[in-house]
Amino acid sequence: MSAPYEIRLIGDPVLRQRASEIASVDGKLVRLAEDMVETMYAAPGVGLAGPQVGVQKRIFVYDVGEGPRTIINPEIRESSGEWAYEEGCLSIPGLSFDLVRPKEVHLVGYDLDGNELSIEADELLARAFQHEIDHLDGVLYIERLDPDQRKAALRIIREQKLSAADLADAEVGAPAGRSGGFSLR
Ligand code: NI
């Protein structure tokens, strides 16, 4: 079984653009959310945002162990504390870095029935919310690393791309890199 979408990888311009607000929920959007959940599970990952499947809309899906959820037009109203966590991203496979972000956030948004959501999130859930909203704003987590970490990250990404190109030249196909994305290591 293959995932409905191919996950866009770093270097794809779609990951650097701000996604637009969703004006209304229709069957097409519900279908999109279902396909995003399936793509997220296949990866596997615990969160996936619209731009990662090439859709410039403010929607993300996640599952931190309580089943799949979808949030549209999310916004963080308040954040507090600090929490270091080893963060990864499905769009930057094979890489993860310790990153400090606020520990708690208050998120507002809408669910797929158009109901208003107001969620107080802590630790992993708060981290997922911040990471996915960054995607909707065209921001990748490596941009939030300190300069040394970012340099190391970019070097690894460059090396991966070089070896991927070598493999393609040899017609061996794409490398089967370790999947990233919020793995709880
Ligand atoms: Ni990500």
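So that you can scan it fast, the table gives a plain yes or no per residue for (1) within 14 Å of the ligand (Cβ to nearest atom); (2) not charged (D, E, K, R):
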| site | (1), (2) |
| --- | --- |
| Val14 | yes, yes |
| Ile22 | no, yes |
| Gly50 | yes, yes |
| Lys57 | no, no |
| Ser91 | yes, yes |
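Do any strands (runs of 3 or more DSSP E) lying entirely in region 49-128 carry at least 3 residues that are at negative phi, crowded, with 20+ Cβ neighbours inside 10 Å and of a type in the set (Lys, Arg), and which ones are they? Even if it seems obvious, please write down each step before you answer.
Details: elements: 59-62, 69-80, 83-89, 92-101, 104-110, 116-122.
Ranges flagged: none.
Can you tell me which residue in region 26-42 is farthest from Pro74 (Cα to Cα), limited to those that are crowded, with 18+ Cβ neighbours inside 10 Å and either modelled with pLDDT under 95 or within 16 Å of the ligand (Cβ to nearest atom) (or both)?
The residue in question is Thr39.
The values are calculated or read from the model by the stated rules, or taken from the named source; none is laboratory data. Bear in mind the structure is a predicted one, so any value in this text is a computation, not a measurement. Ideal geometry is used to build each Cβ from the backbone, glycine not excepted, and the neighbour counts take in all protein chains shown.
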